[in-house]
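**Student:** The structure under discussion is supplied below as structure tokens; questions concerning it will follow.
What follows is calculated from the coordinates using simple rules that are stated; it is not laboratory data. No experiment lies behind these values; they were computed from the predicted model shown. Don't worry about glycine lacking a Cβ; one is built from the backbone with ideal geometry, like all the others, and counts go over all protein chains shown.
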Amino acid sequence: MTAARTQEALYADIDLELSWSERELPQVERTKHVHSLHPYLGKFIPQVVEVFLRRYFRPGGCIFDPFVGSGTTLVEANVFGASAIGCDISAFNCLLSRVKTQAYSLAALELSLKGALETARERQASSSGDSSEWLRRWFAPQALKELLAYRSALEDLDEPAASVGKIVLSRSARSARLTTHFDLDFPRTAITEPYFCFKHKRTCRPVEEAFKFLKRYTADTIRRLRQFSAIRKDAEVVVLHTDARTTDLLVKPSGIVTSPPYPGLIDYHEQHRYAYELLGLEERAVDEIGPGSRGHGRAAQADYVSGMVAVFENARRFLDEGAPVIIVVNDSRNLYDDILDRAGLTLSERLTRHVNRRTGRRAGEFYEEVLVCTVASDQASR
Ligand SMILES: C[S@@+](CC[C@H](N)C(=O)[O-])C[C@H]1O[C@@H](n2cnc3c(N)ncnc32)[C@H](O)[C@@H]1O
């Protein structure tokens, strides 16, 4: 049986409007324009957001995402013509989402970023910026020199170019780490010797330099921002570096489209450790709900449930009765009936979608649920 037929058979049991085979929705579409400005583990695909924006929202409205992540909801809300507000506990995710959604003078941006590359080349011979023990362990000496020289060049740039440069730096650092090519998501130890590469089916060598990535990602970033600027609407996007359990919103959103963390799956700060080490961003890992490092034992699940209840109770303060709340989760532990009930949300539909995964070496089929809820009438904000 071919892979395509297997997928088609699989789709007989699930929501077809939300599940696409590789042929119907190729990777290039799932990672279009700014959605692939930087790798991010745990995002949902833009097409899922598009479906729910069309079904439950109107252009001119305002969409709230309490778990912004890499900014998928904010980007799609903007293309849809709605304003968007979101928060995230990870400073890196906030930086990335702001860079994706901002308006730019593209010619000036391109000039600044190319200038930063030149400055970094000039400075790298004498580059000896601050570097942590972590950076020295995960980068070859030359690669680290080049990254630090580029970081120093970014200090000469004004905003918004400096922030865009930080995303180029972080993406380049990710590629330049001393990891194998096939384990960029969860590397455990730095690789300093040639190794057999499962991805390329040959012996590969650890990366020794970073400039080729800085150059490549500068061009790719400008290209992606240009593509997005052609469809970007003039609707406001606000990104807050706050805890979703307590965040304040100065606007009244029309509803929510979000994908929360799942208990015990991902450490969101840790997945971008290189960015925190290089950029000196504020760390709030202790405030992550359901971090991977806590596992999914009983105590961790109970904390996760009370964390999620707090998030949706807090969000409800800003929402009207009947407002749509769309939550994309993998509720394999059946936690959400309790969460929604305690948070004052009414579940109208539970949809299942098949997730088409092509990256990483994770095996097995993966499903997501979409919980379509509304703010319950007796619980709505006053
Ligand atoms: C599944 S990801 C969201 C992915 C997003 N939908 C996207 O497409 O990129 C969950 C996010 O929740 C954030 N998060 C975890 N605990 C949080 C908290 N207490 N307040 C705000 N955000 C939090 C994590 O940092 C992570 O970015």
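**Student:** Under a 5 Å amide H to amide H cut-off, with H placed in plane at 1.01 Å, what residues pair with Ala323 once short-range neighbours are removed?
**Tutor:** Val375
**Student:** Could you give the length gained by full extension between Arg216 and Lys114, i.e. 0.36 nm per residue of separation minus their alpha carbon distance, to one decimal place?
**Tutor:** Numbers: separation 102, 0.36 × 102 = 36.72 nm, distance 1.11 nm.
Full extension from Arg216 to Lys114 adds 35.6 nm.
**Student:** Rank these for me by crowding, Val375, Val309, going from fewest to most other beta carbons within 10 Å.
**Tutor:** Numbers: Val375 24, Val309 19.
So the ranking, lowest neighbour count to highest, is Val309, Val375.
**Student:** To the nearest 10 degrees, how steeply does helix 46-56 sit against the main Cα axis of the chain, on a 0 to 90 scale?
**Tutor:** Once rounded, the angle reads 30 degrees.
**Student:** Provide, in order from the shortest bin, the percent of all Cα-Cα pairs of the stretch 52-160 in each 5 Å bin, continuing until the bin that contains the maximum pair distance.
**Tutor:** Histogram of Cα-Cα distances, whole percents per bin: 2, 11, 15, 13, 14, 14, 11, 8, 6, 4, 1, 0.
**Student:** Here is a follow-up. Put a dot 7 Å past each Cα toward the Cβ at Val28 and Arg317; how far apart are the dots in nm?
**Tutor:** 4.7 nm
**Student:** Now for a separate question. If you rank Arg23, Arg226, Arg174 by fewest surrounding Cβ atoms within 10 Å, what's the result?
**Tutor:** Values: Arg23 10, Arg226 14, Arg174 20.
Fewest-to-most ranking of Arg23, Arg226, Arg174: Arg23, Arg226, Arg174.
**Student:** In a Debye calculation with equal point scatterers on the alpha-carbon sites of the stretch 242-294 and no solvent, what is log10 I(q)/I(0) at q = 0.12, 0.17, 0.18, 0.29 Å⁻¹?
**Tutor:** With no solvent term, the Cα-only Debye profile gives -0.37, -0.70, -0.76, -1.15.
**Student:** Let me ask you something else. Compute the helix-to-body angle for 211-229: its Cα long axis versus the longest principal axis of the chain, expressed 0 to 90° and rounded to tens.
**Tutor:** 40 degrees
**Student:** Right, another one. Pairing the Cα long axis of helix 91-101 with the longest principal axis of the chain, what angle in degrees results, from 0 to 90 and rounded to the nearest 10?
**Tutor:** Taking the Cα atoms of the chain, the angle to 91-101 is about 80 degrees.
**Student:** How far apart, in nm, are two points set 7 Å out from the Cα along the Cα-to-Cβ line at Ser306 and at Phe186?
**Tutor:** 2.9 nm
**Student:** Sort by residue number and report every cysteine in the chain with no other cysteine beta carbon within a distance under 4.7 Å.
**Tutor:** Cys62, Cys87, Cys94, Cys373
**Student:** What is the gain in length, in nm to one decimal, between Thr346 and Ser105 on full extension, counting 0.36 nm per residue of separation less the C-alpha to C-alpha distance? Show your work: numbers first, answer last.
**Tutor:** Working: separation 241, 0.36 × 241 = 86.76 nm, distance 4.40 nm.
Answer, rounded to one decimal: 82.4 nm.
**Student:** While we're here: Return the long-range amide H neighbours of Ile63 (sequence gap of 5 or more, or a different chain), with a cut-off of under 5 Å between placed amide H atoms.
**Tutor:** Ser83, Ala84, Ile85, Ser254
**Student:** Add -39500 (n - 2.57) for each DSSP H run of 4 or more in the chain, then divide by its residues: what number comes out at 222 nm, to the nearest 500 deg cm²/dmol?
**Tutor:** Values: 13 runs with 150 residues, N = 382.
Helix contribution divided over all residues of the chain: -12000 deg cm²/dmol.
**Student:** Right, here's the next one. Rounded to the nearest 5, what is the percent of antiparallel bridges among the DSSP beta bridges in the chain? Could the numbers behind the result be given before it?
**Tutor:** Numbers: 19 of 32 bridges.
Given both bridge residues lie in the chain, the antiparallel proportion sits at roughly 60 percent.
**Student:** While we're on this one: Given Lys43/Lys100; Lys145/Lys199; Lys166/Lys252; Lys32/Lys252; Lys43/Lys212, which pairs have Cα atoms separated by over 21 Å? Walk me through the intermediate numbers first.
**Tutor:** On the way: Lys43/Lys100 14 Å; Lys145/Lys199 28 Å; Lys166/Lys252 32 Å; Lys32/Lys252 30 Å; Lys43/Lys212 27 Å.
Pairs exceeding the cut-off: Lys145/Lys199; Lys166/Lys252; Lys32/Lys252; Lys43/Lys212.
**Student:** Once fully extended, how much extra length lies between Glu133 and Ala285, figured as 0.36 nm per residue of separation less the alpha-carbon to alpha-carbon distance?
**Tutor:** Details: separation 152, 0.36 × 152 = 54.72 nm, distance 1.97 nm.
Roughly 52.7 nm would be gained on extension.
**Student:** Search the structure for amide H atoms under 5 Å from the amide H of Val355, placed 1.01 Å from N in the peptide plane, and list their residues when 5 or more places away or on another chain.
**Tutor:** Amide H to amide H, under 5 Å and 5 or more residues apart or across chains, Val355 pairs with Phe366, Tyr367, Glu368.
**Student:** Something else about it: For Tyr150, Tyr268, which order do you get if you count the other beta carbons within 10 Å of each Cβ and list the fewest first? Please list the in-between numbers first.
**Tutor:** Numbers: Tyr150 30, Tyr268 25.
Fewest to most other Cβ atoms nearby, the residues stand as Tyr268, Tyr150.
**Student:** Oh, and also: Taking the stretch 106-229, how much of its Cα-Cα pair set, in percent, is spaced more than 18 angstrom apart? Kindly include the intermediate steps, with their values, before the conclusion.
**Tutor:** On the way: 4083 of 7626 pairs.
Counting pairs separated by more than 18 Å, the tail of P(r) holds 54 percent.
**Student:** Normalised by the empirical 2.2 N^0.38 Å for globular proteins, what value does the Cα Rg of the stretch 184-241 take?
**Tutor:** Numbers: Rg = 18.4 Å, N = 58, 2.2 N^0.38 = 10.3 Å.
Cα Rg divided by the expected 2.2 N^0.38 Å: 1.78.
**Student:** Need one number: convex hull volume per residue for the chain, Cα atoms only, in Å³. Spell out each step's value before the answer.
**Tutor:** Numbers: hull volume 55.2 nm³, N = 382.
Each residue corresponds to 144 Å³ of Cα convex hull volume.
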